[in-house]
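Accompanying notes for the structure given below.
The values are calculated or read from the model by the stated rules, or taken from the named source; none is laboratory data. Predicted model, so just to flag it, every value in this text is computed and none were measured. In this analysis, Cβ positions are derived from the backbone assuming ideal geometry, glycine residues included, and neighbour counts consider all displayed protein chains.
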Amino acid sequence: MVRFSNGVPQAIWYSQHANGQAFTYPTVTKHSDNLRPIAYSSKGSHANYAIPGKHDHTIPNLNLPAGVLEDDTDQGTLWDPLLSAWFYHFEADSNDFTALGEGTPTEWLMFKGRWGDEKYPNSDPRQRELFGQTKFSSGPTGPADKQLNRKEVCPENGLICIVRRILVPRSEEGVMVTS
């Protein structure tokens, strides 16, 4: 989600498992057009991140140097979402979506279920769990459940909204890199 003020992007939200991360718009890496932010999709999960690499998600809002529950991202193949995108206007007061194009469907935006795979059972040898967080959880809910009318770029979920001004990757050795 990108938060705009007077038509100018101010902040961006990258959704991940139990929460996510927010950054000022100038902070994140952009495509060569220097306008569109890049998101790094996690291998095998629904999470997306501002930087490539390993991302611990054992404890929401805390990317530890090493973790039991980690997502892996990399540069991968660049995919341009504008090549297959539908566009909508969202009216926050009424929670209505209006399609901005002939034949653009809107029904799927109100889907109340979960997208993607079901959570692996704890008996599955691939499943890991720590502090109630699991490696393979059920997919996320759809757009209608994402608090699109929120005041901040972060969802209103009782957690503090930290809008970061720096990208801090981890090194391969698991040590935080600060430059």
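Those residues that are closer than 21 Å to Val163 by Cβ and surrounded by fewer than 17 Cβ atoms within 10 Å (Cβ to Cβ), I need them from the range 21-50; list them, please.
Thr24, Pro26, Thr27, Thr29, Lys30, Asn34, Leu35, Arg36, Pro37, Ile38
So, in the range 126-151, of the ones that are assigned to a loop (DSSP other than H, G, I, E, B) and among the polar types (S, T, N, Q), which residue ends up nearest to His89 (Cα to Cα)?
That would be Asn149.
Can you say whether Ser123 is at pLDDT 80 or above, assigned to a loop (DSSP other than H, G, I, E, B), surrounded by fewer than 14 Cβ atoms within 10 Å (Cβ to Cβ) and among the hydroxyl-bearing types (Ser, Thr, Tyr), as far as the supplied structure shows?
yes
In the set Ser84, Ser42, Ser94, which member is polar (S, T, N, Q) and within 17 Å of the chain's Cα centre (by Cα)?
Ser42
Is it the case that some residue within the range 159-177 is touching a helix residue (DSSP H, G or I) at 6+ places or on another chain (Cβ under 9 Å), modelled with pLDDT of 85 or more, closer than 29 Å to Lys30 by Cβ and loosely packed, with under 12 Cβ neighbours inside 10 Å?
Yes, the range 159-177 contains at least one residue that is touching a helix residue (DSSP H, G or I) at 6+ places or on another chain (Cβ under 9 Å), modelled with pLDDT of 85 or more, closer than 29 Å to Lys30 by Cβ and loosely packed, with under 12 Cβ neighbours inside 10 Å.
Return the residue satisfying two criteria in turn: it lies in the range 36-76 and is among the hydrophobic types (A, V, I, L, M, F, W, C) and touching a residue at least 60 places away in the same chain (Cβ under 8 Å), and of such residues it is farthest from Val8 (Cα to Cα).
Across the range 36-76, the extreme among qualifying residues is Val68.
In the range 81-93, how many residues are assigned to a loop (DSSP other than H, G, I, E, B) and modelled with pLDDT of 90 or more?
Residues in the range 81-93 being assigned to a loop (DSSP other than H, G, I, E, B) and modelled with pLDDT of 90 or more: 3 in total.
Quick check on this structure: which one of Thr98, Thr104 is farther than 23 Å from Cys154 by Cα, hydroxyl-bearing (Ser, Thr, Tyr) and either at pLDDT below 90 or not in a loop (DSSP other than H, G, I, E, B) (or both)?
Thr98
Do any strands (runs of 3 or more DSSP E) lying entirely in the range 1-56 carry at least 2 residues that are out of contact with any Pro (no Cβ under 6 Å at 6 or more places or on another chain), more than 27 Å from Gly67 (Cα to Cα) and not small (Gly, Ala, Ser), and which ones are they?
Of the strands (runs of 3 or more DSSP E) lying wholly inside the range 1-56, those with at least 2 residues that are out of contact with any Pro (no Cβ under 6 Å at 6 or more places or on another chain), more than 27 Å from Gly67 (Cα to Cα) and not small (Gly, Ala, Ser) span 2-5, 8-16.
Name, by its number, the condition in (1) under 21 Å from Tyr14 (Cβ atoms); (2) touching a Ser or Thr at 6+ places or on another chain (Cβ under 9 Å); (3) at pLDDT 85 or above; (4) of a type in the set (Lys, Arg) that does not hold for Arg150.
Every listed condition holds for Arg150 apart from (2).
Is it true that some residue in the range 135-153 is more than 18 Å from Met1 (Cα to Cα) and loosely packed, with under 14 Cβ neighbours inside 10 Å?
No: zero hits.
Restricting attention to the range 123-148, and to residues there that are within 21 Å of the chain's Cα centre (by Cα) and among the hydroxyl-bearing types (Ser, Thr, Tyr), which single residue is nearest to Trp108 (Cα to Cα)?
Thr141
Does Asp56 meet the test of being acidic (Asp, Glu), within 22 Å of Gly116 (Cβ to Cβ) and touching a Gly at 6+ places or on another chain (Cβ under 7 Å)?
Yes; evaluated as a whole, the condition is true for this residue.
Taking the stated definitions as given, is Thr77 closer than 30 Å to Arg126 by Cβ and not hydrophobic (A, V, I, L, M, F, W, C)?
Answer is yes for this residue.
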